[in-house]
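K.L.:
Can you read through this structure? Questions will come right after.
The values are calculated or read from the model by the stated rules, or taken from the named source; none is laboratory data. None of the values given here were measured: they were computed from a predicted structure. All Cβ positions, glycine included, derive from the backbone under ideal geometry; neighbour counts span all protein chains shown. Note: accessible area is taken over every heavy atom of the protein model, side chains too, but ligands, DNA and RNA are not part of it. Shrake-Rupley method; radii C 1.70, N 1.55, O 1.52, S 1.80 Å.
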Amino acid sequence: MRISQLKIWLLIIILFAVIQASLCFRVVNPYWGQIIQYAGIVTISALGLNIIYGYTGQFSLGHAAFYGIGAYTSALITKCLGSNSPFVFLLSLLVGAAAAALIAFLVGRPILRLRSDYLGIATLGFGIIVKVIFDNADAVIPVCGGSRGMTCIPKFTSFAWVFFFFVASLIVVRNFVYSGYGRACISVREDEIAAEAMGINTTKYKTIGFVLGCAYAGIAGGLYAHLYCFLHPSNFDFLKSIDVLLIVVLGGLGSISGTLVASIVWTFLLEGLRVVLPPEILDWRLVIYPLLLVAMMLLRPKGLFGGKEVGLIKSGEEQ
């Protein structure tokens, strides 16, 4: 292992130790500890959409549906098995990710032949279908709760679990982007016709990017389910897909660094306004959505990082 890699892992261990100690010794109160975990979950989900939209160029408006599939699948496994074992939790997360990936593959094969706005409309339609299924799932699986929501989900998610999957997600997406598969996905994003002319199977690589991105959403959904211990279909509607899409656009399409910064700032900014603003104008904090988007489009049309990477995320050639 090279010295630079050792430094990276040492930095990761120190970061984990500092935050974990702050949570254990109540330097950070439990409420903000939960927000830290939620920020990590949002980042994992946004990294998945960045693979789909930022690197492969596929305009998806159904990301929240795969987030919900992972959440409900993972919660069903832990509730049905009724075990407190961390291995059961890990299994539930992996199965949730696999379920999201499998459905993404089945759905993606036909709809990924579409392009631009047509693909967005198709994924939007799929997201609405999944939301309706969640609303009426209690007719088939009563434990899902239907429109009342799923309750009594065991609380397994901790900062250690979120941090582990956060780091693992970063490593996988970085290696993917700088691999031959990632380069092929980027070529599809830049010019699909030219990529086909060069012999690249564009449908294949669009499907790979879509399935991988949706698997990320599935893992994030499983972590979310076991953090808040309650799921409601409204948590996975069309607007939740827009939230993640805005994070990816604001951070910069095709930028891992931008997605990281935008996800964390976005989460803490909204929660910080919840604490700072008085109750009578609390809902006005949601005005930040259009204001940030308009300001970013005027000042930095390509997003915060404009597709560039910083620090440890750069490729070997860039460093």
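K.L.:
Calculated from the structure, percent of Cα pairs over 33 Å apart equals which of [x] 15; [y] 49; [z] 24?
P.N.:
[z]
K.L.:
On a C-alpha basis, how far is the centre of the stretch 161-186 from the centre of the stretch 192-251 in Å? Whole number, if you could?
P.N.:
14
K.L.:
Which residues does a label at LEU269 reach in the stretch 230-252, if reach means a backbone N under 11 Å from a point 7 Å past the Cα toward the Cβ?
P.N.:
So the set is 247, 250-251.
K.L.:
Among the listed pairs LYS240/LYS308; LYS206/LYS240; LYS7/LYS308; LYS131/LYS206; LYS204/LYS308; LYS7/LYS206, which are separated by more than 32 Å between their Cα atoms? Walk me through the intermediate numbers first.
P.N.:
Details: LYS240/LYS308 26 Å; LYS206/LYS240 23 Å; LYS7/LYS308 22 Å; LYS131/LYS206 24 Å; LYS204/LYS308 26 Å; LYS7/LYS206 35 Å.
Over 32 Å apart, Cα to Cα: LYS7/LYS206.
K.L.:
Further question: Note down the net charge around LEU61, summing +1 for each Lys or Arg and -1 for each Asp or Glu among other residues with Cβ under 13 Å from its Cβ.
P.N.:
Combined, the nearby Lys, Arg, Asp and Glu give -1.
K.L.:
At ALA194 and VAL143, where each label point lies 7 Å from the Cα along Cα→Cβ, what is the point-to-point distance in nanometres?
P.N.:
Simple spin-label model gives 5.2 nm for this pair.
K.L.:
Something else: Just the projected area, averaged over all directions, of the convex hull on the alpha carbon atoms of the stretch 201-319: how many nm²? Don't skip to the end; give the middle numbers.
P.N.:
On the way: hull surface 41.5 nm².
Orientation-averaged projected area of the Cα hull: 10.4 nm².
K.L.:
Let me ask something else. Once both labels are modelled 7 Å past Cα along the beta-carbon direction, what's the LEU293-PHE238 spacing in nm?
P.N.:
1.3
K.L.:
I need the peptides 161-167, 70-76 ranked by packing, meaning the mean over residues of other C-beta atoms within 10 angstrom, with the highest value on top. Let's see the in-between values first.
P.N.:
Working: 161-167: 19.4, 70-76: 27.4.
Result, highest mean Cβ count within 10 Å first: 70-76, 161-167.
K.L.:
Modelling each spin label as a point 7 Å along the Cα-to-Cβ direction, I'd like the PHE87/ILE121 distance in nm, to one decimal.
P.N.:
Inter-label distance under the simple model: 5.1 nm.
K.L.:
How would you order 273-279, 252-258 from highest to lowest mean count of nearby Cβ atoms within 10 Å? Please report the intermediate quantities before stating the final value.
P.N.:
On the way: 273-279: 10.6, 252-258: 24.1.
Averaged packing, sorted descending, gives the order 252-258, 273-279.
K.L.:
Suppose accessible area is computed on protein heavy atoms with a 1.4 Å probe; arrange TRP284, TRP9 from highest to lowest. Write down the numbers at each step before the final one.
P.N.:
Details: TRP284 175, TRP9 110 Å².
From most accessible down to least: TRP284, TRP9.
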